[in-house]
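One structure below.
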Amino acid sequence: MGKGSAFGKTILIGDQFVKHGVPAILSALPYQTETIVEREAKGRGFTVIDNRNEVPGYKEEKKESCYRSYEHMINVMKLNLKKTPIKITVGGNLLAGSGVGASAAISVSFARACNEEFKLGMDKIEENYIGWEGEHAYHGMPSGVDNTASSFGGLMMYTIRDGKKMYERIVPAKPLYVVLANSGITFNTALLDVHVKSLIDNNGELLYSRLIKITGEVYEMRKAIEKGDLKEAGKIMIENHKLLKEMDFSHKRLDELCARAIQMGAYGAKLTGGGKGGYMVALVKDTMMQKKIAAKFESENIPVITAQLGVNAVDNVKFRLLK
């Protein structure tokens, strides 16, 4: 029996355009998906028991993608399941839903469970690579943001430069407390690449001028976090959400949740992940405000995640070049 676990994630800024050279600031969430892989005496291939708690409808919506993801990772790892069938049991305390890296967490945790069970000898970077391969079934060509946060934890700035993926650790000067609220909208993130292409085709000059602006916001946010100026970080989040809204990456439900969080005292709020559904993330002053905002949303049956970001790095490596 092999076991593996991997974190969920949230994106503070930059995620939609990583494949176009824009860096992203992201963090693992202190919630994980856990996978157990067991060899079966009979049968061929694999069976899946999915015990994850979910945003209603998420697992059914992603079921086909999930199975294709497993099949692809199994092929990449060169596992012979005709000879050795397996049972895959998935659980953990990460709520399965769009926008929190649920697909990356299930992919990376599966890679780790297989690595342990079949003694594949993969290191952390190789496990992360298998998780990236698993993401293809969900996202088309993934940027690597989600699986990297899932694999390595903590707070980081992720960049793709000259085709190379890498990340650098960010150390916040003050605790980063956030509230994530779910819009209830599940969106096929593979379609986001189509949306970006349409923006390029319709007005490439406008898009790239906005990407320059977002890149500047990313570096300003990093500076604010490292200085402990969370009010400034919140202002940047608000401005970035406005820009994403203008570019049609948001949803009216996400806009509503962001506005309400700010009205209740959050420093800033914006959509997180690819957009058009999933979660928004709000940066708050302290745990008291975090509890207040979360309780209000929960009283209306809105799925909520609360977390402190940047506290669960798997090691002290400051910079890593990825496969």
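Annotations
- Being in contact with an Asp or Glu (Cβ under 9 Å, 6 or more places away or on another chain), small (G, A, S) and not in a helix (DSSP H, G or I) is a condition met by no residue of segment 242-265.
- For segment 277-292, filtered to residues that are touching a residue at least 40 places away in the same chain (Cβ under 8 Å) and surrounded by fewer than 24 Cβ atoms within 10 Å (Cβ to Cβ), the residue that is nearest to the chain's Cα centre (by Cα) is G277.
- Residue in segment 17-35 that is surrounded by fewer than 20 Cβ atoms within 10 Å (Cβ to Cβ), small (G, A, S) and under 25 Å from M156 (Cβ atoms) present: yes
- Test for V171: is it in contact (Cβ under 8 Å) with a residue 24 or more places away in the chain, open to solvent by 30 Å² or more (accessible area, probe 1.4 Å), within 30 Å of I262 (Cβ to Cβ) and not small (G, A, S): yes
- The set of residues from segment 217-229 being part of a helix (DSSP H, G or I) and open to solvent by less than 30 Å² (accessible area, probe 1.4 Å) comprises E217, V218, M221, A224, I225.
- G57 being in contact with a Cys (Cβ under 7 Å, 6 or more places away or on another chain), touching a residue at least 24 places away in the same chain (Cβ under 8 Å) and surrounded by fewer than 21 Cβ atoms within 10 Å (Cβ to Cβ): no
- Restricting A295, A269 to residues that are open to solvent by less than 10 Å² (accessible area, probe 1.4 Å), free of Cβ contacts under 8 Å to residues at least 40 places away in the same chain, more than 27 Å from S5 (Cβ to Cβ) and of a type outside the set (K, R) narrows the list to A269.
- Segment 174-203 - residue that is open to solvent by 20 Å² or more (accessible area, probe 1.4 Å) and among the small types (G, A, S) and, of those, farthest from L244 (Cα to Cα): G184
- The set of residues in segment 152-171 that are under 30 Å from H251 (Cα atoms) and assigned to a loop (DSSP other than H, G, I, E, B) comprises G153, G154, I170.
- The residues listed here are N202, N182; of these, the one that is within 27 Å of H136 (Cα to Cα) and touching a Phe, Trp or Tyr at 6+ places or on another chain (Cβ under 8 Å) is N182.
The values are calculated or read from the model by the stated rules, or taken from the named source; none is laboratory data. Treat the numbers as computed from the prediction; the structure is a model and nothing was measured. Virtual Cβ from ideal backbone geometry, glycine too; neighbours counted across all protein chains shown. Remember, those area values only see protein heavy atoms, side chains included, never the ligands or the DNA or RNA. Shrake-Rupley method; radii C 1.70, N 1.55, O 1.52, S 1.80 Å.
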